[in-house]
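The values are calculated or read from the model by the stated rules, or taken from the named source; none is laboratory data. Keep in mind that this is a model prediction, so the values were computed, not measured. Cβ: placed from backbone, ideal geometry, glycine included. Neighbour counts: every protein chain shown. Calculation scope for accessible area: heavy atoms of the full protein, side chains included, ligands and nucleic acids excluded. Shrake-Rupley method; radii C 1.70, N 1.55, O 1.52, S 1.80 Å.
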Amino acid sequence: LELTVDDMVYSVTPGFYCYLPPNTSWKLKNKSKMDVHFQWIRKRYEAVKGIKHPEFFVINEVNAQEVEMHPGDKSWTTTRFVDPQDMRHDMHVNIVNFKPGGMIPFMETHVMEHGIYILQGQGVYRLNEDWVEVQAGDFLWLRAFCPQACYAGGNQDFRYLLYKDV
């Protein structure tokens, strides 16, 4: 894809994340002869008095911060496109990565609704009391305080895009 933002042109390839602030002039064009698929998360910005809006940026996941969720164990990592301490952002989009057999080894909950789009592989996601098999292309929308856990099955990495309000 070719992304144009305020007359600057960016070549967008797999693994890229782009944040477009309110009132930004932009356009997107498929310059190839192949179909292109991407996730577009559109959300009205929720401003907070005294906190500036974040600026436009584009980044590839290979240049983003990858955090080991259990230090010293790379079986579960999260690639963060935005520093969680940056209060200017009212949402986070991360890529959650599991090696085969990797897992969220405990039930967790979040105070906000959030969406999960499976990018690669397959796994089993626990939602409330049910274990649900998921694979690349599946989408989950989780309510606030939904107890959840996850196990990566199969023989390849299990990866998903995680969106949440903050």
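Out of curiosity, is E55 at negative phi, surrounded by 11 or more Cβ atoms within 10 Å (Cβ to Cβ) and acidic (D, E)?
Values: at negative phi: yes; surrounded by 11 or more Cβ atoms within 10 Å (Cβ to Cβ): no; acidic (D, E): yes.
So E55 does not fit the description; no.
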TODO: Looking only at the stretch 126-149, count how many residues are part of a strand (DSSP E or B), surrounded by 14 or more Cβ atoms within 10 Å (Cβ to Cβ) and within 16 Å of the chain's Cα centre (by Cα).
DONE: 2
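Any residue at all in the stretch 13-33 that is hydroxyl-bearing (S, T, Y), touching a helix residue (DSSP H, G or I) at 6+ places or on another chain (Cβ under 8 Å), within 19 Å of A152 (Cβ to Cβ) and open to solvent by less than 80 Å² (accessible area, probe 1.4 Å)? If you could, list the steps in order and put the result at the bottom.
Taking the stretch 13-33 first, the residues hydroxyl-bearing (S, T, Y) are 13, 17, 19, 24-25, 32.
From what's left, touching a helix residue (DSSP H, G or I) at 6+ places or on another chain (Cβ under 8 Å): 17.
The next check asks that each one be within 19 Å of A152 (Cβ to Cβ); those that pass are none.
No, there is no match, as no residue in the stretch 13-33 is hydroxyl-bearing (S, T, Y), touching a helix residue (DSSP H, G or I) at 6+ places or on another chain (Cβ under 8 Å), within 19 Å of A152 (Cβ to Cβ) and open to solvent by less than 80 Å² (accessible area, probe 1.4 Å).
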TODO: Of the conditions (1) without any contact (Cβ under 8 Å) to a residue 40 or more places away in the chain; (2) open to solvent by 40 Å² or more (accessible area, probe 1.4 Å); (3) hydroxyl-bearing (S, T, Y); (4) within 30 Å of D6 (Cα to Cα), T109 clears all except one; give me its number.
DONE: (4)
Task: Checking E2 against (1) farther than 19 Å from L161 by Cβ; (2) open to solvent by less than 60 Å² (accessible area, probe 1.4 Å); (3) modelled with pLDDT under 95; (4) among the acidic types (D, E), the condition it does not meet - done: (3)
- [ ] Identify, from the list N155, N94, N63, the residue that is within 23 Å of E46 (Cα to Cα) and of a type outside the set (D, E, K, R).
- [x] N94
TODO: Only residues that are open to solvent by 60 Å² or more (accessible area, probe 1.4 Å) and either aliphatic (A, V, I, L, M) or in contact with a helix residue (DSSP H, G or I) (Cβ under 6 Å, 6 or more places away or on another chain) (or both): list them for the stretch 112-125, please.
DONE: L119
Task: E66 vs. criteria over 30 Å from M103 (Cα atoms) and among the charged types (D, E, K, R) - done: no
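With the structure loaded, tell me whether E46 is open to solvent by 90 Å² or more (accessible area, probe 1.4 Å), of a type outside the set (A, V, I, L, M) and touching a residue at least 40 places away in the same chain (Cβ under 8 Å) or whether it fails that test. Talk me through it step by step, then tell me what you get.
On the way: open to solvent by 90 Å² or more (accessible area, probe 1.4 Å): yes; of a type outside the set (A, V, I, L, M): yes; touching a residue at least 40 places away in the same chain (Cβ under 8 Å): yes.
So E46 passes the test.
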Task: Sole exception among (1) at positive phi; (2) open to solvent by less than 30 Å² (accessible area, probe 1.4 Å) for V82, by number - done: (1)
Open item on the list: I'd like to verify a number: residues in the stretch 34-43 that are open to solvent by 100 Å² or more (accessible area, probe 1.4 Å) and within 24 Å of I95 (Cα to Cα), how many?
Closed with: 5
